[in-house]
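Taking it in order: structure first as structure tokens, then the write-up.
The values are calculated or read from the model by the stated rules, or taken from the named source; none is laboratory data. This structure is a prediction, so every number in the text was calculated from the model and none was measured. Heads up, the Cβs are rebuilt from the backbone with ideal geometry, glycines too, and the neighbour counts pull from every protein chain shown.
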Amino acid sequence: MLAALLLSGSSGAVLFAQEERIIDEEPYDEITLTAANQNQVLKVLPLAPFKRPANPTPNEALRVRLVENPTEEIDVLWTGIEQVVTFGDRVLTAARKELDANRFDEAFEYIKFVRDNYPTTNGLQDALDQALYAEARAVYRDGGYERALMLLDEVYQREPAKRGLVPNMQRVLETQFNVLIKAGDFQEARKLYERSRAKYGRDMEQLLAGWQAKLLAEGNRLLNGARQQMEAGSLRDAYLSSRQVLEVWPATPGAEQFAQQAAQRYPLLRVGVSQVSGSNIDDPRRAYNWAARRTERLEHRKVFELRGTTADGAD
């Protein structure tokens, strides 16, 4: 429980001391004895690696040092031990409690502590997966589809065949794809398709085939519209639509050929510049600024201009 300390003074402020985290404590393990020993719990200094015998003999024992008397070694018979909970186990239990309270940062910090200091703790990997799943569910409900996928992908990269993982990832991806389609952002939808195919293609063939069909249908729709624009003489619109087709689905049948035709009918000249024009540098009086001089004749035409000099004087 949090300890509340009342500060003296006119402000009447109350200061709350933070609850001590388990990873800030001095580590100790716990040994719970059998019912014949009143289920007594012994706090002992961290144990050396051990393996519990499956069928211990009456004389087999675990040598420990009690926290309350660390200088003396004692033997605890295995037949009298109900369970041994290491400090790593205790930290993982605390991590699961943090997950139940949706305190993901604290949970991951505890899990990282165990991984760095007690990497052989039983259930460590399961605890990490549980934390990744829990946060993925939470951020998915809040619309954080990219982060949800990132969290699940961490599990996938380690264990792609984990039960239930791929269906959960597909649910996140399908939601993200549909949001992009509904918003009309087909270019980003195609990028999502390409990333997903590169990383998960072998496990999500049916899902990706459905996406491809939707993108192809949109590409065909745009291409038909572009052809109608060209027939109507709207060459600029036809050109822009042809570029859009290639952004949505480059493999749309006939898209590349039509784009070349549109470019020939509506050629564009692109000029590269070394300095970008901006509102803060467009003052034509800044003759030393090339970007300002470049835009001056477009925005600030003069009655008289110096175009150059000849042998007879100015032109």
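Taking ALA198, is it within 26 Å of VAL248 (Cα to Cα) and in the same structural domain as ALA217 (by TED's automatic domain parsing)? For ALA198, the condition - within 26 Å of VAL248 (Cα to Cα) and in the same structural domain as ALA217 (by TED's automatic domain parsing) - is met.
The condition (being closer than 17 Å to THR252 by Cβ and in contact with an Asp or Glu (Cβ under 9 Å, 6 or more places away or on another chain)) is satisfied by just one residue among GLN229, GLN212: GLN229.
Mind listing whichever residues of the stretch 97-128 are of a type outside the set (Phe, Trp, Tyr), part of a helix (DSSP H, G or I) and touching a helix residue (DSSP H, G or I) at 6+ places or on another chain (Cβ under 7 Å)? Scanning the stretch 97-128 gives GLU98, LEU99, GLU106, ALA107, ILE111, VAL114, ARG115, LEU124, ALA127, LEU128. Of all the residues in the stretch 66-96, those that are among the aliphatic types (A, V, I, L, M), in a strand (DSSP E or B) and either within 44 Å of the chain's Cα centre (by Cα) or surrounded by 14 or more Cβ atoms within 10 Å (Cβ to Cβ) (or both) number 6.
From the residues in the stretch 210-245 that are among the polar types (S, T, N, Q) and within 35 Å of the chain's Cα centre (by Cα), which one is farthest from ALA263 (Cα to Cα)?
In the first step, residues of the stretch 210-245 are kept if they are among the polar types (S, T, N, Q); the result is 212, 220, 224, 228-229, 234, 241-242, 244.
Checking which are within 35 Å of the chain's Cα centre (by Cα) leaves us with 212, 220, 241-242, 244.
Values: GLN212: 27, ASN220: 19, SER241: 11, SER242: 9, GLN244: 13 Å.
The selected residue is GLN212.
Among the residues of the stretch 53-60, some residue qualifies, meaning at least one is in contact (Cβ under 8 Å) with a residue 24 or more places away in the chain and more than 30 Å from ALA198 (Cβ to Cβ). Taking every residue in the stretch 22-41 that is free of Cβ contacts under 8 Å to residues at least 24 places away in the same chain and assigned to a strand (DSSP E or B) and pairing it with any residue that is of a type in the set (Val, Ile, Thr) and surrounded by 11 or more Cβ atoms within 10 Å (Cβ to Cβ), at least 6 positions away or on another chain, the pairs with Cβ-Cβ distances below 8 Å are VAL41/ILE31; VAL41/THR32. Answer yes or no: is there a residue in the stretch 182-194 that is in contact (Cβ under 8 Å) with a residue 60 or more places away in the chain, farther than 30 Å from TYR110 by Cα and surrounded by fewer than 19 Cβ atoms within 10 Å (Cβ to Cβ). Scanning the stretch 182-194 turns up at least one residue that is in contact (Cβ under 8 Å) with a residue 60 or more places away in the chain, farther than 30 Å from TYR110 by Cα and surrounded by fewer than 19 Cβ atoms within 10 Å (Cβ to Cβ). Scanning the stretch 197-235 for residues that are touching a helix residue (DSSP H, G or I) at 6+ places or on another chain (Cβ under 6 Å) and of a type in the set (S, T, N, Q) gives a single hit, GLN229. Summed over the stretch 75-110, residues that are among the small types (Gly, Ala, Ser) and touching a Leu at 6+ places or on another chain (Cβ under 8 Å) total 3.
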